[in-house]
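Here is the structure we will look at.
The values are calculated or read from the model by the stated rules, or taken from the named source; none is laboratory data. Not measured: the values here are computed from a predicted model. Neighbour counts run over all protein chains shown; Cβ positions are idealised from the backbone, glycine included. Side chains are part of the model used for accessible areas, which takes the heavy atoms of the whole protein and leaves out ligands, DNA and RNA. Shrake-Rupley method; radii C 1.70, N 1.55, O 1.52, S 1.80 Å.
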Amino acid sequence: MNLLAVERIKLFSTRSPWWCALITLALAIGFAAIFSGASPADEPVSVAATQFGGSQFGIAVVMVLAALAVTTEYRFNTIRTTFQAVPHRSPALIAKAIVVALVALVIGEIAAFGALGLSMLMRPNDGLGLHTTQDWMNVAGLGPVFAVAAVLAVALGILIRHSAGAIALLLIYYLAVEELVQLIPKVGHHIHEWLPFNVANKFLRGSAVGGDGPPASDSPLSPGWALAYFAGIAIVFLLVALGVAKKRDA
């Protein structure tokens, strides 16, 4: 508990989490307002469409927040003090991952329900609401996906230790690589089915195909197993990062 408190204080003593949280909320709620305002009155807006900004762009900002939580410490050498206080290193880094994941979870839930709430105010006749299990996953599921993505970004930050490098790699992979993989002849589609963010999208959207909102996922997993798979990948990366952090100099 002491380590968690220390990591919370360190995280919120910098400006980056505050700015990243505000940007995430602006993207999620702003896109919801755009969809709600731009859609014709005779074309109802879906719950999935209200989550476009958060699920497509907000997650990238949250990963930047998570990566900076680690790389900033390496940049200013405060990580040396942390490792002197916690020589085994792993407990401190795990505490950091937990704190960042909880912050990401809260940001995701506020963004998701804020976007839905604004859309309901702007489109009172569209019947927007959490009427089905899939609607709940579209909205409430954004927080868990943010949390798992944050753990993945923390692991990458531990491995790379450089802010620009970690952020560039995260954004390039998230925004481009998974889509470009589909262009590989013959096997691209099969590889894409198992890539982490595509699988995470299956958790958020279920078996939805087409329509408005974020693109549908082609993952063969059920939504529950999709989240478990995404979390498993993040945990594996974190374990690898912890092993590397123990063996090299701070």
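Here is how the numbers come out for the structure above:
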quantity	calculated
Candidates R89, R161, R205: whichever shows maximal mean-square fluctuation once the chain is modelled as a Gaussian network with Cα springs under 10 Å	R89
Highest to lowest packing among 181-194, 44-57, 124-137, 101-114, scored as the average C-beta count within 10 Å	44-57, 101-114, 124-137, 181-194
Angle between the chain longest axis and helix 223-247 axis [Cα atoms, degrees, rounded to 10]	20
Acute angle (nearest 10 degrees) that the helix 2-12 long axis makes with the longest principal axis of the chain, alpha-carbon atoms	60
Percentage relative contact order, the chain, counting C-alpha pairs under 8 Å, at least six apart	24
Whether the range 87-166 is rounded, prolate or oblate, judged on the alpha carbon gyration tensor where a/c under 1.5 counts as rounded	prolate
Cβ-based net charge around L169, under 15 Å, with every Lys or Arg adding one and every Asp or Glu removing one	0
Full-extension gain in nm, V244 to E43, via 0.36 nm per residue minus C-alpha separation	67.1 nm
Spatially proximal lysines relative to K10 (Cα-Cα < 17 Å; intrachain offsets below 8 disregarded)	K96
Charge dipole (debye, nearest 20) of the chain; +1 at Cβ of Lys and Arg, -1 at Cβ of Asp and Glu	1280
Spatially proximal aspartates and glutamates relative to K246 (Cα-Cα < 19 Å; intrachain offsets below 8 disregarded)	E7, E73
P(r) weight above 26 Å for the range 103-250, C-alpha pairs, percent	33
In Å², nearest 10: area of L118 left accessible to a 1.4 Å probe	50
C-alpha long axis of helix 196-205 to longest principal axis of the chain, angle in °	40
Rounded percent of accessible protein surface that carbon and sulfur make up, the chain, 1.4 Å probe	71
The chain pair-distance distribution - Cα-Cα, 10 Å bins, rounded %	8, 31, 32, 20, 7, 1, 0
P(r) of the range 1-106 over all Cα-Cα pairs, binned every 10 Å from zero, in whole percent	14, 37, 23, 15, 8, 3, 0
Relative contact order [Cα under 8 Å, 6+ residues apart], the range 21-166, whole percent	38
